[in-house]
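These notes concern the structure reproduced below.
The values are calculated or read from the model by the stated rules, or taken from the named source; none is laboratory data. A quick note: this is a predicted structure, and the numbers were derived from the prediction, not measured. No Cβ is skipped: glycine too gets one built from the backbone with ideal geometry, and neighbour counts run over all protein chains shown. Protein only, heavy atoms only, side chains kept; ligands, DNA and RNA dropped before computing areas. Shrake-Rupley method; radii C 1.70, N 1.55, O 1.52, S 1.80 Å.
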Amino acid sequence: MTTNLTKPISIKLLFAMLMITVGAEVLLYLTRYSYLASTLYDAMMVSSLFVGLKLHRRISSSERIQVTKRQLALKFTGAFLIFFIGSTIINIYSSNTFNDFNVGYDQYVQDYTDMQMDVDQHSETVDSETKTKPDSTFFEKVDTIGPDLYTDALAGLEEVWRLAYIILLLVVCKKFFSNRWASGRRDIFLMCALFLTSILFGIDHTLDSVEPWAVKIGAIVTFANMGLLFGLILLWTRNLWVTVLVHSLYDITATLSWYYLDSAVELMTLVVLIVHVILQTVEKSQQKRPLHQLETEDRVQAAE
């Protein structure tokens, strides 16, 4: 895998990778001061989609066996279930270890949700007074939660950021530790890159806000563990877009749980689990069929 990841990089691709890694972090920090920086950050996440199209080939080109659509779907459902279990363990650990972060985050969710609901109630009051069309209420609700869902969808593209960082770090290791690299002992470099990007992932989730260090440390550790989990899923699936989809879908269902249904994540996980079991059953039956056909052919040939 490391050989494919560290293939020669063109100047244009290198510049794009630096923009969506270092550039994105600078913009993320500036969002605490400027709304324009937030808009530019979202634009950069969208543009990272095109960089991901280039980088995806590097992590998936090592797969010699062609993957079917069903096997790809199994990768997604398996990855989502793994992340749900892992994130649940991380949340339990953080809630028991970092009380300040846990209380602060719960308060943030409550205040943010209350603020959005107040906007909704104000809009409904204005509608009833002015007797506007019912359609306007629908679009106002879309305007309330829509930006959050849009941001959650873009959050999945942070996995392009992660892969770009891993590649850049591996290229640096290949340059400065050429003897060890040439010896073939490269897994340590991949693990170090994964660890460092996970730490950066945790730090990045504190750049756009000013919080006490007691809260920041809890946030960094919690999100770093989440980032490590996403990184492991990326390396396990060897598919960038599966990891992007897991990240986006999890964030979207988490946001829906803030507004509409507290157990939205759990219900989505249940649906994914059912689909996973069905796909796994079908996949096993398909794998047994060729074996059964081969045994039948052997019997016919033996009889002849």
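Brief remarks follow.
- Tensor-based shape of segment 10-84 (alpha-carbon gyration tensor, a/c under 1.5 rounded, otherwise prolate or oblate): oblate
- Hits among lysines - C-alpha to C-alpha of LYS141 under 19 Å, sequence gap 8 or more where chains match: LYS131, LYS133
- Whole-Hz couplings from phi, Karplus 6.51/-1.76/1.60, listed for segment 152-164; x for Gly and Pro: 5, 5, 5, 4, x, 6, 4, 6, 5, 3, 5, 5, 4
- Percentage relative contact order, segment 3-85, counting C-alpha pairs under 8 Å, at least six apart: 33
- Per-peptide average of other Cβ atoms within 10 Å, ordering 44-50, 5-11, 243-249, 196-202 highest first: 243-249, 196-202, 44-50, 5-11
- Across the cross-link table entries LYS69/LYS284; LYS12/LYS54; LYS75/LYS288; LYS7/LYS54, which are compared at the Cα atoms, the separations over 18 Å belong to LYS75/LYS288.
- Rounded to the nearest 10 Å², the accessible area of ILE20 at probe 1.4 Å: 10
- Summary of packing: across the peptides 22-31, 138-147, the per-residue average of other C-beta atoms within 10 Å ranks them, highest first, as 22-31, 138-147.
- Euclidean distance between Cα centres, segment 148-185 to segment 5-37, Å: 13
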